[in-house]
Amino acid sequence: MQIPVFVQTVFLLTLSNIFMTFAWYGHLKGLQSKPWWIAALISWGIALFEYMLQVPANRIGYTEMSLAQLKILQEAITLTVFVPFAIFFMGQPFKLDYVWAALCLVGAVYFIFRS
């Protein structure tokens, strides 16, 4: 059974975004007492795994989606990953603004995929 390109792309981009989010923001919680360059090196190490998933995701997705569709899809996935990360890992309070941002991204996804 062949997994649809869209499903493969979303799956890989979601995993990629999990690594990306930890690389970009995870150091703010656990490495505050370390010099910035240590946090940067650790973040680069995490980002390597992000790129190992993101590059194939975009190559697979580009076989059936446009560049703009891939970008908007990635941004929607980023918010989907970021909000739980902010709330559960970073201990940030839930904000109604997350809902409004998500609705804007749903609109962006609709407009970019409607053709």
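The values are calculated or read from the model by the stated rules, or taken from the named source; none is laboratory data. These numbers come from a predicted model, not from an experiment. Positions of Cβ are generated from backbone atoms using ideal geometry, with glycine treated the same way; all protein chains shown enter the neighbour counts.
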Of residues in region 48-88 being exposed (fewer than 15 other Cβ atoms within 10 Å of the Cβ) and aromatic (Phe, Trp, Tyr), the one nearest to Gly107 (Cα to Cα) | Tyr62
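Can you name the residue in region 20-43 that is closer than 18 Å to Ala86 by Cα and polar (S, T, N, Q) and, of all such residues, is modelled with the lowest pLDDT? Before the answer, list the steps.
Going residue by residue through region 20-43, those that are closer than 18 Å to Ala86 by Cα are 20-32, 43.
Filter once more, so that each one left must be polar (S, T, N, Q): 21, 32, 43.
Values: Thr21: 96, Gln32: 88, Ser43: 94.
Looking at the filtered set, the residue picked out is Gln32.
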